[in-house]
Amino acid sequence: MKTTAKIIIILSISVLVGLIFTQFFIVKNSLEIEHENREIVEEIKQLEYKNFHTEVTLALTKVRDKLISINKEKSNIYLDPVKQIQPNYFVVSFYDTIPKDFLKQLIEEEFSTFYIDNSYQIGIYDCFTDSIIFDQFTTENKQKFPLKWEHDGYYFGVYFSDLQKAETEKKSSLPYMLMLATFVIVIASLFTFYLAIGILKQKKISKITYDFINNMTHELKTPISTISLSTDVLLNSEETNKNERLNRYLSIIKTENKRLENQVERVLQIAKLDKDVIKLRFERIDIHEVIETCINTFGVPIQDRSGIIISHLNASNMYIEGDIIHITNIIYNLFDNANKYSPKKPRIMVSTEDLGGKLEVKITDNGIGIKKEESKEIFEKFYRVSTGDVHNVKGFGLGLYYVKQMMEKHGGEIEIESKIGEGSTFILTFPASKN
């Protein structure tokens, strides 16, 4: 239906737009949070670096003080002995020879005291001879951090080889979030586009189907009317009345032609119902008169099967507001359904009753009954109750669908109570006329 298709498309586009904005705000908030986290991490790193610098300086100062104790007479000339000439390279001034093993032992002890567990390398330089006395540096570190320092006397350097790795920043997850958000939006857009195309195609197919059914049924109506008219002429002729066999065959033709006319009209009404082009003409209707008319119509076929129709029209307010044609079709369809699904000698009972401002109509048969799980499905279009052989009961599966749709358009309801092998009761509830 046009309205449903528009609603679905509008809702789909709204969901897509909402999804895009949601993804945008998620990415935006993630970017802000990541930026804040980076600032916090950077501050923490700065604090850690300052603490590390302080601890290394204190530890190396204590190492230098212990070395001074070996040569006390020169202790007064050492001022500001520890220098950081690179982020991970410290040098300590000294004016006398430095025993390398003793130096290594002192550094290990002091670093342990300050809980400095970073990997490091040591080098000792003699400025008087301009030569390296002891060297633990790799070739790569010599190129990056040369031992040469403008200083008179001895000095040693400590290089922390893993400090740069600790300062390596963590990669941002933002690109992955952008990729995921883009992927979700693309998939949602494709789905929305596919859904819209499908709805438009379905709408086009529905229009083609309606036009075909409309044209087909109108084309069938002409020959059906012609056959009906010709049959009536022949049945009323004197020659037919004299020929019993011919009269019987013409009666069969008339009956079957009428059945064909009803089926064609039913298909046309369903097509109009689906297209929502049926215009109801409401008027005050006596439901008892409608029921009596349908009983008279079905009296002959029911009697031919040795059956009976029993009526208990007890409602005191038998008037409803509705379209006389479609109200008649509702009762007619239920009578026809009861007749088709009843065994030999069908017994159909119809009753009416007042129900607190409403009018209740019950139509009960002694047919094959319906399973509980099928009781809701029987009102679906083209659904037919299985009876073993699909050819046992003729029809298109449109009768009860039409009845339910028409009941809803009249503000009424339809229910079913049924037991397998015992029969079914269809309960119609109409708003009673207030006048």
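Name the residues in segment 306-328 that are on the phi < 0 side of the Ramachandran plot and part of a loop (DSSP other than H, G, I, E, B), would you?
If the condition is that a residue be on the phi < 0 side of the Ramachandran plot and part of a loop (DSSP other than H, G, I, E, B), then G307, N314, A315, S316, N317, M318, D323 are the ones that fit.
Which of the residues belonging to segment 275-306 are of a type in the set (A, V, I, L, M, F, W, C), over 23 Å from Q405 (Cβ atoms), at pLDDT 85 or above and loosely packed, with under 15 Cβ neighbours inside 10 Å? Break it down stepwise before answering.
Applying the first criterion (of a type in the set (A, V, I, L, M, F, W, C)) to segment 275-306 yields 277-278, 280, 282, 285, 287, 290-291, 294-295, 298, 300, 302.
Still in the list and also over 23 Å from Q405 (Cβ atoms): 295, 300, 302.
So of that shortlist, the ones also at pLDDT 85 or above come out as 295.
Selection gives nothing.
For the subset of segment 82-129 comprising residues that are farther than 13 Å from V56 by Cα and assigned to a loop (DSSP other than H, G, I, E, B), which member is modelled with the lowest pLDDT?
Only one residue fits best here, namely Y95.
With the requirement that a residue be farther than 11 Å from P431 by Cα and in contact with a helix residue (DSSP H, G or I) (Cβ under 6 Å, 6 or more places away or on another chain), what does segment 311-325 give you?
L313
Hey, does segment 320-331 have a residue that's among the small types (G, A, S), crowded, with 18+ Cβ neighbours inside 10 Å and under 20 Å from V361 (Cα atoms)? Steps first, answer last, please.
The initial filter retains those residues of segment 320-331 that are among the small types (G, A, S), namely 322.
Restricting the remaining residues to those that are crowded, with 18+ Cβ neighbours inside 10 Å gives 322.
Restricting the remaining residues to those that are under 20 Å from V361 (Cα atoms) gives 322.
Within segment 320-331 (the criterion being among the small types (G, A, S), crowded, with 18+ Cβ neighbours inside 10 Å and under 20 Å from V361 (Cα atoms)), the answer is yes, since at least one residue qualifies.
Criterion first (surrounded by 11 or more Cβ atoms within 10 Å (Cβ to Cβ) and more than 60 Å from the chain's Cα centre (by Cα)) does L235 satisfy it? Please lay out each step first, then the result.
Values: surrounded by 11 or more Cβ atoms within 10 Å (Cβ to Cβ): yes; more than 60 Å from the chain's Cα centre (by Cα): yes.
Against the criterion (surrounded by 11 or more Cβ atoms within 10 Å (Cβ to Cβ) and more than 60 Å from the chain's Cα centre (by Cα)), L235 qualifies.
Using beta carbons and a limit of 8 Å, which pairs, at least six apart or on different chains, have the first residue in segment 106-125 and free of Cβ contacts under 8 Å to residues at least 24 places away in the same chain and the second one of a type in the set (F, W, Y) and not in a strand (DSSP E or B)?
D117/F111
Every residue in segment 337-359 that is surrounded by 20 or more Cβ atoms within 10 Å (Cβ to Cβ) and either farther than 15 Å from S418 by Cβ or touching a Cys at 6+ places or on another chain (Cβ under 7 Å) (or both), please. Quick ask: steps written out before the conclusion?
Looking only at segment 337-359, we keep the residues that are surrounded by 20 or more Cβ atoms within 10 Å (Cβ to Cβ), and these are 337-338, 341-342, 346, 348, 350, 352, 359.
Matches in segment 337-359: P346, V350, T352, L359.
The values are calculated or read from the model by the stated rules, or taken from the named source; none is laboratory data. Note that the structure is a prediction, hence the values are computed from the model and not measured. With ideal geometry, Cβ positions are generated from the backbone for all residues, glycine too; neighbour counts draw on all protein chains shown.
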